[in-house]
Each structure stands twice: as C-alpha cells, then as structure tokens.
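The values are calculated or read from the model by the stated rules, or taken from the named source; none is laboratory data. No experiment lies behind these values; they were computed from the predicted model shown. Positions of Cβ are backbone-derived with ideal geometry, glycine not excepted, and every protein chain shown enters the neighbour counts.
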Amino acid sequence: MTRLHPFTLLAIAAALPALAWILPAPAGGLAMAVVALALALTTGVFRTAVFTAAPFWLFLLLLHDIPTTVAIGLRITTMVSSFVWVVAALPPPRLVEAMVAAGWSASAAYVFAATLSAVPVLRARAGRIADAQRCRGLSPRGGPVQRLRALRALAMPLILSALHEVDERGLALETRRLVPGARRTPLAPPSDHAVERVTRWALAAACAAALAWRLR
Amino acid sequence: MRSHASRSRSWRETSCRCAARSARTIGAGSRSVVTRPDWFGACGYIYLWRDSGESGLVSIRLLVLIPVAAAISLALSAAVDAVALPLFLDTTGTILATALGGPVVGISTGVVTSAVNSLRNPTFWPFVAVQVIVALYAWMAARAGLFRSFKTAVPAGFGLGVIAALTSTPISYLVFGCTTTGGIALTTALGKALGLPPLGACFFGSFLADFGDKAVTFALVTSVLHGLSRRTAARFPWALRAIGAA
C-alpha cells in the first residue's frame, strides 16, 4: 500500500471521509470507518487512530443523543483514521517529488516541504527560549496579565528570529535558482501506473455519484 | 524573461552617505529612490527601494515568508503551553504574513498552516476557510493601519474574534457536532445548560474560544511589527503601512 503513488494515497484519504459524510448514516459511516481503520492497521497506526478519535466520542456523548453521536462519531473516526494512515504511509519528500514530477511549480513544493522541516526547528528553538527566559527569572505563573507578559517574552524572540532568517533563506534559494515558476527535474519520481490514475478518477466519480444520489 | 543580473539589481544595498548619489544615478527611472529622512537617518545601510512585487528576489522573500509564518503558527503552541493560557494563537502566522506581505501571502500561509496542522490533527483541515477569512480581515486591518498601536489592534482583534466565531460555528456544528476541542465542547455544553439552542450553544463555545485569542494574536503581531527594525520592515511591502508609518 505504501508503494502506491502519493496522489493515489491522497485520493483514498480524501474519498473515505467524503463518502462517510455523503452516504446515509450510520451504515455509510460504519463502512467507511471500517475501511479506514483497516488501512490504519496495515501501516501500524491503528492505536494512534483510535486514541485520536476517542475524545470526540466522549464529547459527542456529552452534547448529543446516541444516534447523533454514532452518526457523527463514525464520520470523525473515518476522517481521523484516513489522515493518520496517509501521514504514516506517505513520507513528505515523496509527495514533493510527485508534485514536481506532475508539473507543479518547485515553489509550491518548497513551501510545503519547508514548513514541515521548519516546524520542529522552531519548536526546539521555542523550548530553548523558554529555558533561557526562565534562567533570567521569567515566571509563567500568576494572574492572566502576568502570564500574557510571559507569553510575549517567549513569543517575541521566536518570531523575530524567524523573520530575520527570511532574507538568508531567500538568498540561498535564489542562488539555487528556485525562483517562482521554475521547473525542476525530480531525481526519483514515483511511478504512476495507468491503473492508479484510473483508480483516482474512479474515486472522484464515486464521490460525485454518491452526492448526486443523495441530492436526488 | 529578465536576466539574472537585472533581478540582482532590483535590490541594492547602499550606505546612507551614497544614497543621494545613487538616487541621482538611478533615479531617472520609474523606480527612483524616494528619500525619507526618517529612514535614512536611522540606519547605517538601507535598501534603495521597498518590495514592490516586481523583482525575482522580492517574490522569493515573500515565498520564503509563507513557510516561516506557517511554522511560527505551529511552533507558538510550545510557548502557549509554557504559560498555560487557554489560547490557540494558530492564526498568528497568517495575520503576520498578511501584515507583512499582503493578502495572497496571508491566504497562502493560512492554507499551508491548515494543511500541515492537519497532518498532526485532522480536524484542522475543514477550518481552512477560517484562515482565509482571517487573512482577508488582517489585510483590511493592515490597509487601515490598525497595527499602529494596541489601542487600535486589540479592538480589531476582538472584531476578528466575532467574525472567526461566526465562520467556524457552521463548520464546527455540521462537521464535528461542536466537538473540535475539549475546551470548546465543554463551553458548548455550558451554553446548552444555559438554555441556548444547539447552534447558539455552538457559537457560544466558539465565541469564548476565539474572542480573546484573536485579540491576543493581534496584540502579539502588533508587538512584532513594532519590534522589527525599520530596515527589516521596509523589505516587506505592507509592514510600514500596517503600523501607520507609510
């Protein structure tokens, strides 16, 4: 399953929640949830999917009656399981390669990949800033005003340091000719067989047909 | 297609001393230097012209701003966790990118933020529409110079809180039955206990979550914009207008 083309994986992950919402509840949601959970099981993220979806069932029980809870809960479980599965099955670099191979601008691929790589870096920096500010006597306790001041002391260095890196990154990109509209040649483009392309169109057609059937 | 050399010319750094000479030399064209004594006097080095969206490097700068701003939104949760405040700050990058780079950059940042956040928590993706609304609102606020002080930014943030709650309520109600996060579910339950109808209780929960959050976000972005040096701010097309300095 993980060898499928990235667009096929994304199409499956998008079609399952869409069908769960479109098809009549609870049968439609149950069928899609079973498929999504089975996919999660194949990639070893079944527990993650269940633990991510479980709080929603609790809150739904708090707010709604049992039939509504089951209907919405199955849909949310499908969505959560699909996303958890696709995240586990699709490494971001492979998606970027597929986007570039499909003719997407290298800039679009860069934006997605750069965000994914920048988040852990900035999170680690936020932790270091918090440690440094604590060493300087910052206390994150007290009333709301004091906590907001502490938040400002933590957030400002993080944001300003990130913004000051924009020019450095821009220069680095321009030296590599990654200007908007530039095309790149992917080194290892994922294979995209005709069967997979047909599958993607079939999934889109199934969603459209289900919607037309429900609106009939 | 313009050559690499012509694009490199489009941002040229010079010292204050030679600014007038540069202006005489280059200023005959449409992109002449506009001498602003307050800028020139305050800095040792200046860029001859602000970002106009025309040159390759300027576009790259705004392109780079998108992932940086999106990552800021996602990394700020670590700072929020450290102070244990009931805030999200998940639109900080969107508002900041809009105030610096305009609506296209802001909307792109919002979409990327939602997409990447969805990889961690899938419930974020349906709320991408809220990020777009936030970017458009922030653009109008930047055009009006509402980031010039806390007195103008905080009320604007409260306004955004109402709009964000109005936008997110139908999504939260129809897609998730108002159970997007534990806090919102509990405040929605409180609204139901107060006798509000289901949709009203859902709005009540979203409103309580967004109202203060967006005001704090606007105040934080205002602090950042004023914390940027004039030289850095001048590199972004909307920054000085957002703080009322241009």
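Numbers at a glance
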| item | result |
| --- | --- |
| Subset tally (residues that are within 11 Å of chain A (Cβ to nearest Cβ), in contact with a Gly (Cβ under 8 Å, 6 or more places away or on another chain) and closer than 30 Å to A:Ala162 by Cα) for segment B:196-231 | 5 |
| So A:Leu158, is it closer than 19 Å to B:Leu96 by Cα, touching a residue at least 24 places away in the same chain (Cβ under 8 Å), of a type outside the set (Phe, Trp, Tyr) and facing chain B (nearest Cβ under 7 Å) | yes |
| Residue within segment A:134-147 that is more than 10 Å from chain B (Cβ to nearest Cβ), surrounded by fewer than 20 Cβ atoms within 10 Å (Cβ to Cβ) and in contact with a Phe, Trp or Tyr (Cβ under 9 Å, 6 or more places away or on another chain) present | no |
| Residues that are in contact (Cβ under 8 Å) with a residue 12 or more places away in the chain and of a type in the set (A, V, I, L, M), drawn from segment A:15-30 | A:Ala15, A:Leu16, A:Ala18, A:Leu19, A:Ala20, A:Ile22, A:Leu23, A:Ala25, A:Leu30 |
| Residue in segment A:10-25 that is at pLDDT below 90 and either of a type in the set (Asp, Glu) or surrounded by 17 or more Cβ atoms within 10 Å (Cβ to Cβ) (or both) present | yes |
| Answer residue from segment B:175-195, given it is polar (S, T, N, Q) and within 8 Å of chain A (Cβ to nearest Cβ) and is nearest to B:Phe88 (Cα to Cα) among those | B:Thr179 |
| For B:Ser149: the one exception among (1) within 13 Å of the chain's Cα centre (by Cα); (2) among the polar types (S, T, N, Q); (3) over 27 Å from B:Pro122 (Cα atoms) | (1) |
| Check on A:Pro93, of a type outside the set (Phe, Trp, Tyr), part of a helix (DSSP H, G or I), at pLDDT below 95 and over 21 Å from the mean Cα position of the chain (by Cα) | no |
| Matching helices (runs of 4 or more DSSP H) fully within segment B:73-150 where at least 2 residues are surrounded by fewer than 22 Cβ atoms within 10 Å (Cβ to Cβ), assigned by TED's automatic domain parsing to the domain that holds B:Thr179 and touching a Ser or Thr at 6+ places or on another chain (Cβ under 7 Å) | B:128-143 |
